[in-house]
1. If a residue must be assigned to a loop (DSSP other than H, G, I, E, B) and within 20 Å of residue 228 (Cβ to Cβ), how many such residues does region 99-110 contain?
2. Under the condition of being outside any loop (DSSP other than H, G, I, E, B) and at pLDDT below 95, which residue from region 421-443 is surrounded by the most Cβ atoms within 10 Å (Cβ to Cβ)?
3. Right, residue 256: modelled with pLDDT of 95 or more, in contact with a helix residue (DSSP H, G or I) (Cβ under 8 Å, 6 or more places away or on another chain) and surrounded by fewer than 21 Cβ atoms within 10 Å (Cβ to Cβ) or not?
4. Return yes or no: is residue 89 within 16 Å of the chain's Cα centre (by Cα), at pLDDT 95 or above, under 25 Å from residue 318 (Cα atoms) and crowded, with 23+ Cβ neighbours inside 10 Å?
5. Can you confirm whether region 325-344 contains a residue that is more than 19 Å from the chain's Cα centre (by Cα), crowded, with 22+ Cβ neighbours inside 10 Å and within 14 Å of residue 221 (Cα to Cα)?
6. Checking residue 289 against (1) surrounded by fewer than 17 Cβ atoms within 10 Å (Cβ to Cβ); (2) under 23 Å from residue 357 (Cα atoms); (3) in contact with a helix residue (DSSP H, G or I) (Cβ under 6 Å, 6 or more places away or on another chain), which single condition isn't satisfied?
7. Go through region 333-364 and give me each residue that's touching a helix residue (DSSP H, G or I) at 6+ places or on another chain (Cβ under 6 Å) and outside any helix (DSSP H, G or I).
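The values are calculated or read from the model by the stated rules, or taken from the named source; none is laboratory data. This is a predicted model, so every value here is computed, not measured. As a convention, Cβ positions derive from the backbone with ideal geometry for all residues, glycine included, and neighbour counts pool all protein chains shown.
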């Protein structure tokens, strides 16, 4: 089954501008086997899978948000993202007087994740949407782009057929196709989006900083760091990345290589690849079940527990970095101070080192974002430090707060890590987000 599909049954109605009038349709949006546009019409008191709207506003919203949808991830854990972010990631921003389903779209770099909530029971709008997603729905990024492009071109074809080929949508889509076809233009658009800007809105000074950093760390690592320091900050600047990279740190020489830890199917979800890699590493260490002590953990990077404890950690550091040198060593600038948090952070660094492949000059970066790379790190560190099978055996069907606290002490991880493992492996229920959405919405 197609993981995402838009469909239109064309109608012509009303006295609106031609691009709106000629693109009125019964519009259906499906994610997997769930119809996200299923609704109750307050006037006719009928329930339909499609909703009567002009799809031109949705098409132009998709085009206007194209680069940010593709490259700007969900912000770090905050009560609610900025209005600017929401306008580029919530379908309701298509607006134009129509009632759209409450759907949030955000990339993790590999897939487009979709969250959806039904309309509030007491909604007084003319259309009440009935379906929501209990868990985010992931669509491979290429598949999302293919379907979004097909939908935009379907709308353009309808306008061309009805005698209106020259519209703002047509002009905008031509620009996007030109940028996509030009590697340098596409790179610039990607940087702007990751920094939180629409095309041509990012200050030249910040773009220059980003290009300089990319030449040092590569695009993949800049992609992890740019959203942390970009427009979401009151004073957007990438200076802090350079200060961390050039500052003091603790030097380690990795004592593992990448190849024996390759995580099989590259098309598998990040967490699946990470769990396999962590289990492979445990097998190499000859320890499949027992807790890993500090000396073993830090020794994989040629470090001692004392070196990690004494590592400089500036207050309120936003990211953890490990910068390679010409001798194959890594300079770590961790951000965690608590011993348990330090263990998890270096578990994440290990995951990032393994995930980065055999290139010796890859930077390691640990952030609070939910990109595929950060998901891999978290899943790897969780399974490495607290194997799920060992955890279940230790708990012995007792998932009480005190049992979770005991397990955290036994494996020397946080209670949050224990709960995350139990939720993601289906042993306890998750604490639901706001009605199926990844953040609280305004009242």
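1. Count: 3.
2. This residue is 437.
3. Judged against the criteria, residue 256 is not a match.
4. yes
5. No, the conditions are met nowhere in region 325-344.
6. Answer for residue 289: the failing condition is (2).
7. 333, 334, 336, 363, 364
Residue by residue, here is whether (1) under 18 Å from residue 91 (Cα atoms); (2) modelled with pLDDT of 95 or more; (3) in contact with a helix residue (DSSP H, G or I) (Cβ under 7 Å, 6 or more places away or on another chain); (4) surrounded by fewer than 18 Cβ atoms within 10 Å (Cβ to Cβ) holds:
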{"residue": "139", "(1), (2), (3), (4)": "yes, yes, no, no"}
{"residue": "144", "(1), (2), (3), (4)": "yes, yes, no, no"}
{"residue": "150", "(1), (2), (3), (4)": "yes, yes, no, yes"}
{"residue": "157", "(1), (2), (3), (4)": "no, yes, no, yes"}
{"residue": "160", "(1), (2), (3), (4)": "no, yes, no, yes"}
{"residue": "166", "(1), (2), (3), (4)": "no, yes, no, yes"}
{"residue": "171", "(1), (2), (3), (4)": "no, yes, no, yes"}
{"residue": "177", "(1), (2), (3), (4)": "no, yes, no, yes"}
